[in-house]
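For reference, the structure is listed below as structure tokens.
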Amino acid sequence: MSEQFLQLDLLLSQYQQFWRFSPFHLTSLPWADTKLGQHLQQIEPAEIERLDQDEAYRRSYFSEFFPELNQFSPFDLTQEKATEQTAVPFWFSRDIKGRKLEQIQTFALQMQQSDLPVLEWCAGKGHLGRWLSFSMQRKVTSLEWQPQLCSEGQQQAEKLKLSQGFVQADVLSEDAANHLKTEQQIVALHACGDLHIRLLQLASQVGTEQLDIVPCCYHLIAKEQYQALSSLAQQSTLGQLNRDELKLAVQAQVTAGERVTRLRQTEVLWRLAYQELYQALQKVTDYRPLSSVPKHWFSGEFSAFAQWAASQHQWQIPVDTNWDYYLQLGQQRHLLVQKMQLVRSLFRPLLEQWLVLDRAIFLQQQGYQVQVKQFCDYQLTPRNLMISAYKS
């Protein structure tokens with residue numbers, strides 16, 4: 001793992017000019033005068049769409065510019081164990097949306113087999129814990145911060161007569177360690193940022209026997225800069241990563257529905273069109289970010305969104321504004337951003353593996369035996385890297 005980490009660290013450092021920037025802040029290609037920049041300027045929109053959707057094709061397409069990336073190997077995709085899958089009664093899966101149930105089932109197959117009591121970290125309604133209790137007859141304690149989710153999860157467990165109990169707790173609080181024990185298996189499926197980092201720190205202090213976690217949302221941290229866990233990452237030539245750089249690690253989408261894809265594209269276009277309008281009318285060059293906004297805004301008119309955005313930035317847009325003109329500028333800017341994102345996305349899997357290995361090596365340094373693997377296919381969830389650790 002240390003050797004793999006150092007190889008990733010070298011590649012990310014060598015090519016950091018191609019991923020350590022924000023495309024929204026730029027108005028031209030940062031490598032316009034290079035062979036890569038000239039190549040990007042000639043790519044047609046249809047080819048951009050194909051490159052955006054196919055990671056293997058994208059890496060092959062850009063291999064002449066980044067040949068070392070072809071030597072990089074992802075973690076193995078572990079085949080499901082030869083265990084008979086428990087049938088799912090209709091009443092069990094009623095409130096589990098989309099791909100979530102399949103993710104939970106695959107996680108359960110790939111986690112370490114054990115008879116230890118289970119602690120489900122950041123449980124939500126306890127879907128994972130409920131499945132483990134139902135399909136494997138495991139005793140589960142589900143730890144969750146929101147009282148309403150605890151209440152709903154407990155009602156479900158009691159209704160199904162499962163050995164699952166909920167504890168309402170803030171895992172970031174000082175007394176969170178009280179819920180961890182040595183003789184325990186802790187599971188966490190898609191715990192975000194500081195939440196899973198806190199788990200790794202506390203579990204290693206307590207000496208919890210088994211951990212199976214799938215990290216998510218590395219950028220959701222309280223501090224502006226990422227605090228590396230392992231000694232190797234602390235000595236990295238990359239220095240400290242900021243939240244925007246961490247966010248690159250999770251900027252991968254599997255095939256979404258047509259409506260979701262359309263709204264996502266519209267949102268990016270309108271944000272960029274508004275940026276063109278704001279910079280032109282306010283006579284500034286700085287990029288000003290906007291907070292998240294409900295997706296229904298992008299089913300309406302650009303003018304309404306722009307006026308909302310202007311209210312956030314405390315200025316008024318003139319009534320005679322040529323909306324179509326700024327939408328056209330936004331489309332040009334969007335095309336530019338897409339080209340830059342194609343290059344940045346080549347380094348997304350490397351950065352995610354760097355972050356996962358930082359966590360895995362940290363656990364090794366605390367005396368754990370550790371394995372990292374893909375617990376499911378990428379199409380089921382892009383966040384498919386599982387860390388399994390045990391301590392004798």
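Relative to the longest principal axis of the Cα atoms of the chain, the long axis of helix 323-345 makes an angle of roughly 50 degrees.
Cross-link reach is defined here as a Cα-Cα straight distance under 20 Å, omitting same-chain residues fewer than 8 places apart; for residue 391 the aspartates and glutamates meeting it are 115, 120, 183, 209, 212, 358. For the chain, the longest principal axis of the alpha carbon atoms and the long axis of helix 100-110 meet at an angle near 50°.
Rounded to the nearest 500, the 222 nm mean residue ellipticity of the chain from helices alone is -13500 deg cm²/dmol, with -39,500 (n - 2.57) taken per DSSP H run of at least 4 residues.
Roughly how big is segment 253-323's charge dipole about its Cα centre, with Cβ charges of +1 (Lys, Arg) and -1 (Asp, Glu), in debye to the nearest 20? All intermediate terms of the calculation are to be shown ahead of the outcome.
On the way: 7 positive and 6 negative charges, 43 e Å.
Using Cβ point charges on Lys, Arg, Asp and Glu, segment 253-323 gives about 200 debye.
For segment 86-202, the solvent-accessible area works out to 46 Å² per residue, with a probe of 1.4 Å and every protein chain left in place. Once Lys and Arg get +1 and Asp and Glu get -1 on their Cβ, which of 302, 343, 329 lies farthest toward the positive end of the dipole of segment 293-392? With unit charges placed on the Cβ atoms, the residue in question is 343. Distance from the C-alpha centroid of segment 147-225 to that of segment 257-300: 36 Å, rounded to the whole angstrom.
A simple charge model with +1 on the Cβ of Lys and Arg, -1 on the Cβ of Asp and Glu and nothing else charged puts the dipole of the chain at about 460 debye relative to its Cα centre. A Gaussian network model of the chain, with springs between Cα atoms under 10 Å, assigns the largest mean-square fluctuation among 12, 132, 327 to 327.
Please build a GNM for the chain, connecting alpha carbons under 10 Å apart, and tell me which residue among 194, 244, 95 fluctuates the most. It is 95. Here segment 262-392 is treated with +1 on each Lys and Arg Cβ and -1 on each Asp and Glu Cβ, and its dipole about the Cα centre works out to around 480 debye. Return one number: the angle in degrees, 0 to 90 and rounded to the nearest 10, between the long axis of the Cα atoms of helix 348-365 and the longest principal axis of the Cα atoms of the chain. Rounded to the nearest ten degrees, it is 30. The candidate values are [x] 52; [y] 46; [z] 55; the one derived from this structure for percent of Cα pairs over 31 Å apart carries the label [y].
For the residue pairs 125/159; 181/247; 35/373; 100/139, the alpha carbons lie more than 25 Å apart in 181/247; 35/373. Give the carbon-plus-sulfur fraction of the accessible surface of segment 58-172 in %, rounded to a whole number; probe 1.4 Å, heavy atoms of protein chains only. So the carbon and sulfur contribution to the accessible surface is 49 percent.
Along the axis of the charge dipole computed for the chain (Cβ charges of +1 for Lys and Arg, -1 for Asp and Glu, origin at the Cα centre), the listed residues 261, 361, 147 are led at the positive end by 147. Let me have the relative contact order for the chain, percent, based on Cα pairs under 8 Å that are six or more residues apart. With pairs under 8 Å counted, the relative contact order is 22 percent. For segment 73-208, rounded, prolate or oblate, judged on the Cα gyration tensor with a ≥ b ≥ c (square roots of eigenvalues), a/c < 1.5 rounded, else prolate if a/b > b/c? Note, shape of segment 73-208 comes out oblate. Between 184, 155, 371, the residue with the greatest mean-square fluctuation in the GNM of the chain (Cα pairs under 10 Å linked by springs) is 155. Considering only 285, 117, 87, the residue lying farthest towards the positive end of the dipole of the chain is 87, judged by Cα position with unit charges set on Cβ.
Only bridges whose two residues both fall in the chain count here: according to DSSP, what percent of them are antiparallel, nearest 5? If you can, show how the numbers build up before the last one.
Details: 11 of 30 bridges.
Counting DSSP beta bridges with both partners in the chain, the antiparallel share is about 35 percent.
The values are calculated or read from the model by the stated rules, or taken from the named source; none is laboratory data. All figures in this text were calculated on a predicted structure; none of them were measured in a lab. When we count neighbours, we look across all protein chains shown, and the Cβ atoms used for this are built from the backbone with ideal geometry, even at glycine. The accessibility values were calculated without ligands, DNA or RNA, using every heavy atom of the protein model including side chains. Shrake-Rupley method; radii C 1.70, N 1.55, O 1.52, S 1.80 Å.
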